[in-house]
Amino acid sequence: MSTLQTWLSINPASLCSRNPSQPVNHLRPPSRFTFSGAKTSAAQRLTFTRHTITHLLKSYMAESHSESNSDSSLVNPNYAEIIVVRHGETEWNHDGRIQGHLDVELNEAGRQQAAAVADRLSKEPNISAVYSSDLKRAFETAQIIATSCGGLEVSKEPDLRERHLGDLQGLVLREAAKVSTKAYQAFLSHSTDQEIPGGGESLDQLYERCTSSLERIGRKHKGERVVVVTHGGVIRTFYKRACPNGRAGGKVLNTSINIFHLSDGDEWTIKSWGDVSHLNRTGVLESGFGGDRTSG
């Protein structure tokens with residue numbers, strides 16, 4: 001019980017519901033308020049000054065704020081909070097080249113982006129684990145984050161890889177239609193079971209692979225907050241899983257933060273989407289290439 005409730009024996013809701021034009025010194029303690037075990041007289045009630053009421057109100061608000069801050073660091077035991085981050089920029093992102101499963105490392109801008117998102121996530125309380133795609137661009141981003149979050153070990157999850165894009169991998173997107181026409185047409189297909197020539201995955205295969213991976217992580221970490229570093233196409237697939245009838249606006253930018261809650265029964269909800277506010281302080285522009293259906 002708060003100091004104000006203990007001393008005044010009143011419902012704090014009554015303070016919130018009072019007329020805002022009513023000054024605090026018009027509030028009177030209840031008749032059962034006592035000094036040294038005896039009922040107060042009218043004179044004693046008059047000495048219960050505005051200063052005293054204000055002090056008690058401040059005490060109550062401070063205690064409420066403290067309790068609120070404490071609770072905000074906890075995750076509801078009925079779901080896992082998964083902070084999903086796209087990897088930092090690579091030279092191929094910068095050049096508009098399709099990556100897919102090809103293993104390209106971060107460039108200098110990407111490392112600066114990773115440092116910025118790591119600093120941001122280091123302020124998130126109670127991060128218990130960090131997972132990553134096993135591709136270099138995601139794993140390096142995850143390692144930078146894990147170091148800032150208390151030196152956690154990064155667990156590699158191959159099922160968090162980007163979509164395999166077959167014969168399109170390694171091509172500059174604007175030239176892909178000429179260089180590999182069949183693969184490019186398959187890539188543009190609206191049929192979710194259309195595979196891409198050269199060993200590429202269909203959208204259905206990507207969906208099954210990556211959502212199953214996140215559900216395993218969610219079941220393992222129910223009641224916890226974890227970080228997952230992956231790729232643009234994968235993150236858009238997560239959006240589709242959480243909002244089957246929705247459509248993610250814009251591209252999934254490098255090191256964007258997207259927070260999902262995975263509940264019992266594998267119910268997914270989105271807490272936040274596409275947050276890149278941490279990049280405002282770096283001077284490193286976020287890259288959107290690959291954050292849609294192309295290479296992430």
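For the reader, a short list of remarks on this structure follows.
- Here SER191 does not fit the description of being buried (at least 19 other Cβ atoms within 10 Å of the Cβ) and either assigned by TED's automatic domain parsing to the domain that holds GLY96 or acidic (Asp, Glu) (or both).
- Exactly one residue out of ALA177, ALA118 is at negative phi, in a helix (DSSP H, G or I) and surrounded by 18 or more Cβ atoms within 10 Å (Cβ to Cβ): that is ALA118.
- Among residues of the range 153-171 that are not assigned by TED's automatic domain parsing to the domain that holds THR141, none has a Cβ under 6 angstrom from a residue that is assigned to a strand (DSSP E or B) at a sequence gap of 6+ or on a separate chain.
- When the strands (runs of 3 or more DSSP E) confined to the range 213-285 are screened for residues that are touching a Pro at 6+ places or on another chain (Cβ under 7 Å) and either without any contact (Cβ under 8 Å) to a residue 40 or more places away in the chain or not assigned by TED's automatic domain parsing to the domain that holds LYS136 (or both), none reaches at least 2 such residues.
- Some residue of the range 227-238 being at pLDDT 95 or above and either surrounded by fewer than 15 Cβ atoms within 10 Å (Cβ to Cβ) or aromatic (Phe, Trp, Tyr) (or both): yes
- Matching residues in the range 130-159 - criterion: being within 13 Å of VAL84 (Cβ to Cβ) and not in a helix (DSSP H, G or I): VAL130, TYR131, SER132, SER133, GLU157
- Qualifying position, being touching a Cys at 6+ places or on another chain (Cβ under 6 Å) and of a type in the set (Ser, Thr, Tyr), among THR211, THR237: THR237
The values are calculated or read from the model by the stated rules, or taken from the named source; none is laboratory data. Every value quoted in this text rests on a predicted model; they were computed, and no experiment measured them. Note that we place each Cβ from the backbone using ideal geometry, even for glycine, and neighbour counts take in every protein chain shown.
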